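Colleague: Encoded as structure tokens, here's the structure I'll be asking about.
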Number of protein chains: 4
Amino acid sequence: MSKHVLAQNQYGKAENRIVKVTRKGNGGTSRTESGGGSWHEIRDLNVSVALRGEFRDVHLTGDNANCLPTDTTKNTVYAFGKEHGIASPEAFGILLAKHFVSSQQPIREAQIRIEEYVWDRIPVPTRKEQHSFVRKGQEVRTAQITYSETTGLQVISGLKELTVMNSTNSEFHGYIKDKYTTLQEAYDRILATKVTARWAHSALAADDPEHDWDRSYKKVRKHMLDAFAETYSYSLQQTLNQMAERVLDNCPRVNEVRLNLPNKHHFLVDLEPFGLKNDNEVYFAADRMYGLIEGTIHRDGVQPVIATSDWIVA
Amino acid sequence: MSKHVLAQNQYGKAENRIVKVTRKGNGGTSRTESGGGSWHEIRDLNVSVALRGEFRDVHLTGDNANCLPTDTTKNTVYAFGKEHGIASPEAFGILLAKHFVSSQQPIREAQIRIEEYVWDRIPVPTRKEQHSFVRKGQEVRTAQITYSETTGLQVISGLKELTVMNSTNSEFHGYIKDKYTTLQEAYDRILATKVTARWAHSALAADDPEHDWDRSYKKVRKHMLDAFAETYSYSLQQTLNQMAERVLDNCPRVNEVRLNLPNKHHFLVDLEPFGLKNDNEVYFAADRMYGLIEGTIHRDGVQPVIATSDWIVA
Amino acid sequence: MSKHVLAQNQYGKAENRIVKVTRKGNGGTSRTESGGGSWHEIRDLNVSVALRGEFRDVHLTGDNANCLPTDTTKNTVYAFGKEHGIASPEAFGILLAKHFVSSQQPIREAQIRIEEYVWDRIPVPTRKEQHSFVRKGQEVRTAQITYSETTGLQVISGLKELTVMNSTNSEFHGYIKDKYTTLQEAYDRILATKVTARWAHSALAADDPEHDWDRSYKKVRKHMLDAFAETYSYSLQQTLNQMAERVLDNCPRVNEVRLNLPNKHHFLVDLEPFGLKNDNEVYFAADRMYGLIEGTIHRDGVQPVIATSDWIVA
Amino acid sequence: MSKHVLAQNQYGKAENRIVKVTRKGNGGTSRTESGGGSWHEIRDLNVSVALRGEFRDVHLTGDNANCLPTDTTKNTVYAFGKEHGIASPEAFGILLAKHFVSSQQPIREAQIRIEEYVWDRIPVPTRKEQHSFVRKGQEVRTAQITYSETTGLQVISGLKELTVMNSTNSEFHGYIKDKYTTLQEAYDRILATKVTARWAHSALAADDPEHDWDRSYKKVRKHMLDAFAETYSYSLQQTLNQMAERVLDNCPRVNEVRLNLPNKHHFLVDLEPFGLKNDNEVYFAADRMYGLIEGTIHRDGVQPVIATSDWIVA
């Protein structure tokens, strides 16, 4: 027996890629005899499962009696795709999280993390059947659903890899100057960032079986983009705050927003050696190093629940 | 002196990221005094330069008299952005390639490779000034421009990372069965691939200073997508051929198309152990291993010029 | 003014790559006139800075009076490389973290995260001067140093991307079987994982200016590898626990260990269709999906401080 | 029927990861009853298959009668691992390439590309059984084997991701200065690169069933590293040439060497604003943009066969 303490631990199968095809409408030329319909819709998810609970013996004595294999958690993802369909990442994650906790006594908490890759349709006007798609690229939609026997349901939605730029209306000056400061103050610069955002939903949303997660996602995304574009910025921190405030102002069931915004520096290239004036026209887009601005804004009176990134290099 | 032979060699600065902002219209609130205009447009390129020529002494004796530094090739990219603007990746590459060959005697051939990242506008209806953008994601546009003193100009356009899927209308059967064959014939499967395409332009296009490269790009892209969507497929090879043929049929100034199509396998998940019937609904999207289908189709009578990928794992 | 609450926030320059050359011994052929010595040593770090403190106005009003620019934090990293040298990632991070907090009133806490890339020497026996290196590859060494005005110093060391394998002495059976379980019990399997480890040091180590961080790193690494190799495993959880216990048993100044162990599945290939018996010889090494096993083990009586990965897909 | 020409085409299964365990010695505690032996050895390969031949109908008419499925080529890789073992990447690739061409009439040429990941042993002195490993990291070994009905066997070995650095003994000056040149001449700089190398073997090696490919690999690798370390460099081109010459001088069965050397720039940081002198001590290691130097050196009288990288951004 160990003389040390086993603290937080979890396990499960990570990155289960599932593509679900749904056929709507009648008829169609598909050879499949049932489930027909000529209008295809797809959802394309990457689902990770993490289970928490009574796993002390699994770690200490080699006794796996409390261990639901990660392989089983994978099977469950695919079987649930068939049994329940995928209405949205959040809805699918809620079903899975509740299932693991309710079906196995040693499992006290389950966390489902999902990435969704979105597809656009390639329309084929000459036929009734529509089943061709092109991946949208742009952002990846994310969701993290945690269900605990004791504390209930928590739903955090998000997105990542959404790259945005304002080619003007950004300044940066008035900052501290110490002995290591060489930065020139800027009164017109490019502001660009690759947005990673997460937002926590109130219990009103999480516990409402009718909540429209897709609609909610589109709305949050739109308000963040609008706030980014419309803010005359004196720092990326200020833009971050505006983006989060705008979401809280417009989405009553969102309680908390956390943003992780790398400052994708665009440096004005010095063209003077070549007898050219660079009037904010030609920039070098740098990769590394980069500023990294992170922050949480939440409604007054709620407890923030979104993990801060204590460790990760973005 | 070496007793061996120095054969093909080249050098230059790779991956010069340049963002060019152009301001159109009059007025605007930008603080920049010239180059004004409130309607901003951007081009965002990654430009690689490779020079070929009389570099024997650079390699053999440490004499750099014939060597234009890679740093200078980088400076030239940025200076040309200001001096000539960026009408399109191809037009910009042609200017650069011709410049290196014509300005330095030891340089006999220059190859410019470009990736372009496309941005969509974030519209702000409440103001006249428009300078906010979101990166489109989806495919990366590519161009390779080679200019040689002796053989002139060659322009190859392309794209990569364009992921497409047909959720039906794909079969695969009637193939060779040998002692290592276990694959079941498929009469209705998902066909998905991540398109890497390159197409070579005729001299009519390359040497025409009025050629509209952006329009040409959109047209080729559309025909490839349409052919992918409309082809009832008996193999990915057949789809590849249809995509290339469609481009050659519709774009008279394109002489040759090469496609590199990884078969992004979507395996039907066996749900029978769970008492469920999987009627082509739930798939596992695999990463590796993958089929890799590559081919060149060209007009009769022209010499193919696009490099085949003898080495690269895509 | 905001009606919402600005909660956890931080900013700084991420991923400052610094290479520091130190010359030891006398003489040598280096053209540099001072700092001579013919025996070169290098340290190669990627340093990320995050500052926490009184930044409310930066976010809310566009007033940057409390903001030390991220550019200055970058400059400080490079200047400190010259002024103080780099004795170890941990020692360098401690210097930086204390500097930011002590030199600027609004900064209340600084967190420095470091990756170190290790180089081996390419020996050149024919000359006295030794200044040639090959990057070791294998694991990346990590360190996270947090210094707070109120709670003092916390040092977490770590490593990542250390891939290990036992080709036998691993079993997995006796687990829960539910309606979604299809996994066969295994009595001899490959166990492979890519180790991400972090371990927290006691105040005895963190506050000891003579603590030998390099020696400590080598010792922890060795005990983890040994425990991995020597454990006859009934689950990856059990191996995880053994690795952590071994470190705590042998390194008295380490208080807590957290491991993140993806189960890099090696599936036995079914060769029966080809009339071949696969006696645990030929495996398919899969990428995704994968089991993901995470856990913290700490000494009795100490508070765990290492962040659990609530969000990240490893 | 097509009015266009189907030119170079190929297909096959890419990136088949195979791990082969071999047990040597007698006894041991392994539960496997046969193939025993307590001394385990492993080879870990990523094998890609490309087939060329009579595939016109596959592309044009949907007739797959000449198509060996990519799935079968995958199965063959795993079955051959059992039937023939993996003596070396080259030997394994030769077996596979000859098999495909000789067993199916439509297949006229096969190209096998292999990456090998090397593992070191974790020794466990307290037991006789040795079956624990840690991945070496550092370079990836590569091989490309092409077998053609008409032109026979061609073997190209290689490596990639081998990062090396000289912290002195590198200069760069005497180059062309044009109107875009701003680079300062350097008389003592860091020279660092990430080596991608390929070398073609003579028929004497390729056709010799006793050729020791592992020994050959070690020898070429050592001579390249030695030449890198020992060359006092006036340009990366000169170093490239020395590395290739050294191999040709010492390895009589190697006919041709191609090197792809990105110049991993290390920029001296300007510390003067902070009152510090940077005597070639503190460098910023940049990622992008980078010089890219490529070249082929071959024996007099042989035809170079290694593909030049017309397209790829490294």
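Colleague: Does residue D:148 count as of a type in the set (S, T, N, Q) and within 30 Å of residue C:135 (Cα to Cα)?
Modeller: Numbers: of a type in the set (S, T, N, Q): yes; within 30 Å of residue C:135 (Cα to Cα): no.
Here the answer is no, as residue D:148 does not meet what is asked.
Colleague: Suppose we filter A:202, A:216, A:157 for residues that are touching a Phe, Trp or Tyr at 6+ places or on another chain (Cβ under 6 Å) and under 15 Å from residue A:256 (Cβ atoms); which single one remains? Give the steps one after another, and end with the answer.
Modeller: Working: A:202 fails: touching a Phe, Trp or Tyr at 6+ places or on another chain (Cβ under 6 Å); A:216 fails: touching a Phe, Trp or Tyr at 6+ places or on another chain (Cβ under 6 Å).
Sole residue among the options that is touching a Phe, Trp or Tyr at 6+ places or on another chain (Cβ under 6 Å) and under 15 Å from residue A:256 (Cβ atoms): A:157.
Colleague: Of all residues in region B:182-211, how many are of a type outside the set (Val, Ile, Thr), in contact (Cβ under 8 Å) with a residue 12 or more places away in the chain and in a loop (DSSP other than H, G, I, E, B)? Lay out the reasoning, then the answer.
Modeller: We begin by selecting, within region B:182-211, every residue of a type outside the set (Val, Ile, Thr); these are B:183-189, B:191-192, B:194, B:197-211.
Filter once more, so that each one left must be in contact (Cβ under 8 Å) with a residue 12 or more places away in the chain: B:185-189, B:191-192, B:194, B:197-207, B:211.
Going one step further and asking which of them are in a loop (DSSP other than H, G, I, E, B), we end up with B:185, B:187-189, B:202, B:207, B:211.
Matching residues across region B:182-211 total 7.
Colleague: Of all residues in region A:49-96, which are of a type in the set (D, E, K, R) and closer than 24 Å to residue A:155 by Cα?
Modeller: Quick first cut of region A:49-96, residues of a type in the set (D, E, K, R) only: A:52, A:54, A:56-57, A:63, A:71, A:74, A:82-83, A:90.
Across region A:49-96, the qualifying residues are A:52, A:54, A:74, A:82, A:83, A:90.
Colleague: Further question: Only residues that are in a strand (DSSP E or B), more than 8 Å from chain D (Cβ to nearest Cβ) and of a type outside the set (S, T, N, Q): list them for region C:146-181, please. Give the steps one after another, and end with the answer.
Modeller: Keep residues of region C:146-181 that are in a strand (DSSP E or B), which gives C:146-148, C:152-166, C:170, C:172.
This time we only want the ones that are more than 8 Å from chain D (Cβ to nearest Cβ), so: C:146-148, C:152-160, C:170, C:172.
Residues satisfying the conditions are C:147, C:152, C:153, C:155, C:156, C:158, C:159, C:160, C:172.
Colleague: Additional query: Within region C:161-178, can one find any residue that is farther than 30 Å from residue A:73 by Cα, of a type in the set (S, T, N, Q) and surrounded by 23 or more Cβ atoms within 10 Å (Cβ to Cβ)? Reasoning before the result, please.
Modeller: At the first step, the residues of region C:161-178 found to be farther than 30 Å from residue A:73 by Cα are none.
No; the residues of region C:161-178 include none that is farther than 30 Å from residue A:73 by Cα, of a type in the set (S, T, N, Q) and surrounded by 23 or more Cβ atoms within 10 Å (Cβ to Cβ).
Listed here are the residues, each with its yes/no results for (1) aromatic (Phe, Trp, Tyr); (2) modelled with pLDDT of 95 or more; (3) buried (at least 21 other Cβ atoms within 10 Å of the Cβ).
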position	(1), (2), (3)
B:268	no, yes, no
B:274	yes, yes, no
B:282	no, yes, yes
B:286	no, yes, no
B:311	yes, no, no
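Colleague: Go through the residues of region C:71-88 one by one and say whether even a single one is at the interface with chain A (Cβ under 9 Å from one of its Cβ atoms) and touching a Cys at 6+ places or on another chain (Cβ under 9 Å).
Modeller: Among the residues of region C:71-88, not one is at the interface with chain A (Cβ under 9 Å from one of its Cβ atoms) and touching a Cys at 6+ places or on another chain (Cβ under 9 Å), which makes the answer no.
Colleague: In region C:69-112, how many residues are surrounded by fewer than 20 Cβ atoms within 10 Å (Cβ to Cβ) and outside any helix (DSSP H, G or I)?
Modeller: Matching residues across region C:69-112 total 7.
Colleague: On to the next question. Return the residues of region B:54-68 that are of a type outside the set (D, E, K, R) and surrounded by fewer than 21 Cβ atoms within 10 Å (Cβ to Cβ); say none if nothing qualifies. Let's see the steps before the verdict.
Modeller: Filtering region B:54-68 down to residues of a type outside the set (D, E, K, R) leaves B:55, B:58-62, B:64-68.
Passing the criteria: B:60, B:61, B:62, B:65, B:66.
Colleague: In region C:255-272, how many residues are in contact (Cβ under 8 Å) with a residue 12 or more places away in the chain, in a loop (DSSP other than H, G, I, E, B) and over 20 Å from the mean Cα position of the chain (by Cα)?
Modeller: Number of matching residues: 2.
Colleague: A follow-up question, please. Regarding residue A:247, is this residue closer than 22 Å to residue A:116 by Cα and in a helix (DSSP H, G or I)?
Modeller: Answer is yes for this residue.
Colleague: Further, regarding this structure: Which of the residues spanning region C:192-223 are out of contact with any strand residue (DSSP E or B) (no Cβ under 8 Å at 6 or more places or on another chain) and surrounded by fewer than 17 Cβ atoms within 10 Å (Cβ to Cβ)?
Modeller: C:204, C:208, C:209, C:210, C:212, C:214, C:215, C:218, C:219, C:222
Colleague: Among the residues of region C:9-20, are any modelled with pLDDT under 95, surrounded by fewer than 24 Cβ atoms within 10 Å (Cβ to Cβ) and not in a helix (DSSP H, G or I)?
Modeller: Quick first cut of region C:9-20, residues modelled with pLDDT under 95 only: none.
No, that holds for no residue.
Colleague: Given the conditions (1) in contact (Cβ under 8 Å) with a residue 12 or more places away in the chain; (2) outside any strand (DSSP E or B); (3) within 14 Å of chain A (Cβ to nearest Cβ), and given that residue B:214 satisfies all but one, which numbered condition is not satisfied?
Modeller: So residue B:214 meets the others, but not (3).
Colleague: Could you please tell me which pairs satisfy a Cβ distance under 7 Å, a separation of 6+ or placement on different chains, a first residue in region A:53-66 that is within 8 Å of chain C (Cβ to nearest Cβ), and a second residue that is at pLDDT below 95?
Modeller: The qualifying pairs are A:60/A:1; A:60/A:2.
Colleague: Another question, if that's okay. Go through region D:110-136 and give me each residue that's under 26 Å from the mean Cα position of the chain (by Cα) and either aliphatic (A, V, I, L, M) or farther than 19 Å from residue D:41 by Cβ (or both).
Modeller: D:110, D:111, D:112, D:113, D:114, D:118, D:122, D:134, listed by residue number.
Colleague: Here are some conditions: (1) within 30 Å of residue A:17 (Cα to Cα); (2) part of a loop (DSSP other than H, G, I, E, B). Residue B:306 meets all but one. Which one does it not meet?
Modeller: (1)
Colleague: Turning to a different aspect of this structure: For region D:21-46, enumerate the residues that are at pLDDT below 95, surrounded by fewer than 16 Cβ atoms within 10 Å (Cβ to Cβ) and of a type in the set (S, T, N, Q).
Modeller: Scanning region D:21-46 gives D:26, D:29, D:34.
Colleague: Sticking with this structure for a sec: It is to be established whether one or more residues within region C:132-150 are more than 28 Å from residue C:7 (Cβ to Cβ), touching a helix residue (DSSP H, G or I) at 6+ places or on another chain (Cβ under 8 Å), crowded, with 17+ Cβ neighbours inside 10 Å and free of Cβ contacts under 8 Å to residues at least 60 places away in the same chain. Outline the logic, then answer.
Modeller: Initial filter on region C:132-150 (more than 28 Å from residue C:7 (Cβ to Cβ)): C:132-141.
Remaining after also requiring touching a helix residue (DSSP H, G or I) at 6+ places or on another chain (Cβ under 8 Å): C:132, C:134, C:139, C:141.
Remaining after also requiring crowded, with 17+ Cβ neighbours inside 10 Å: C:132, C:134, C:139, C:141.
Remaining after also requiring free of Cβ contacts under 8 Å to residues at least 60 places away in the same chain: C:132, C:134.
Looking for residues that are more than 28 Å from residue C:7 (Cβ to Cβ), touching a helix residue (DSSP H, G or I) at 6+ places or on another chain (Cβ under 8 Å), crowded, with 17+ Cβ neighbours inside 10 Å and free of Cβ contacts under 8 Å to residues at least 60 places away in the same chain, one finds at least one in region C:132-150, hence yes.
Colleague: As an exercise: evaluate residue D:177 against (1) over 15 Å from the mean Cα position of the chain (by Cα); (2) at positive phi and give the number of the one condition it does not meet.
Modeller: Unmet for residue D:177, out of (1) over 15 Å from the mean Cα position of the chain (by Cα); (2) at positive phi: (2).
Colleague: Any idea which of D:257, D:269 is of a type outside the set (D, E, K, R) and closer than 20 Å to residue C:85 by Cβ? Can you show your working first?
Modeller: Numbers: D:257 fails: closer than 20 Å to residue C:85 by Cβ.
The conditions single out D:269.
Table: residues versus (1) in contact (Cβ under 8 Å) with a residue 12 or more places away in the chain; (2) within 23 Å of residue A:85 (Cβ to Cβ); (3) out of contact with any helix residue (DSSP H, G or I) (no Cβ under 6 Å at 6 or more places or on another chain).
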| residue | (1), (2), (3) |
| --- | --- |
| B:253 | yes, no, no |
| B:274 | no, yes, no |
| B:279 | no, yes, yes |
| B:297 | yes, no, no |
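Colleague: Yes or no: residue A:189 more than 9 Å from every other protein chain (Cβ to nearest Cβ), under 22 Å from residue B:20 (Cα atoms) and surrounded by fewer than 23 Cβ atoms within 10 Å (Cβ to Cβ)?
Modeller: Values: more than 9 Å from every other protein chain (Cβ to nearest Cβ): yes; under 22 Å from residue B:20 (Cα atoms): yes; surrounded by fewer than 23 Cβ atoms within 10 Å (Cβ to Cβ): yes.
Yes: the conditions hold for residue A:189.
Colleague: What is the number of the single condition among (1) more than 10 Å from every other protein chain (Cβ to nearest Cβ); (2) within 30 Å of residue A:65 (Cβ to Cβ) that residue C:228 does not meet?
Modeller: (1)
Colleague: Still on this structure, I have one more. Restricting to region D:260-290, give me the number of residues that are under 27 Å from residue D:196 (Cβ atoms) and not acidic (Asp, Glu).
Modeller: Pass one, region D:260-290, residues under 27 Å from residue D:196 (Cβ atoms): D:260-268, D:283-290.
From the residues that got through so far, the ones that are not acidic (Asp, Glu) too are D:260-268, D:283-286, D:288-290.
The number of residues fulfilling the criteria is 16.
Colleague: Filtering region D:295-306 down to residues that are surrounded by fewer than 19 Cβ atoms within 10 Å (Cβ to Cβ) and at the interface with chain B (Cβ under 7 Å from one of its Cβ atoms), which residue is modelled with the lowest pLDDT?
Modeller: D:304
The values are calculated or read from the model by the stated rules, or taken from the named source; none is laboratory data. The shown structure was predicted, so the numbers you read here are calculated from the model rather than taken from an experiment. Using ideal geometry, Cβ is built from the backbone for each residue, glycine included, and neighbour counts are taken over all protein chains shown.
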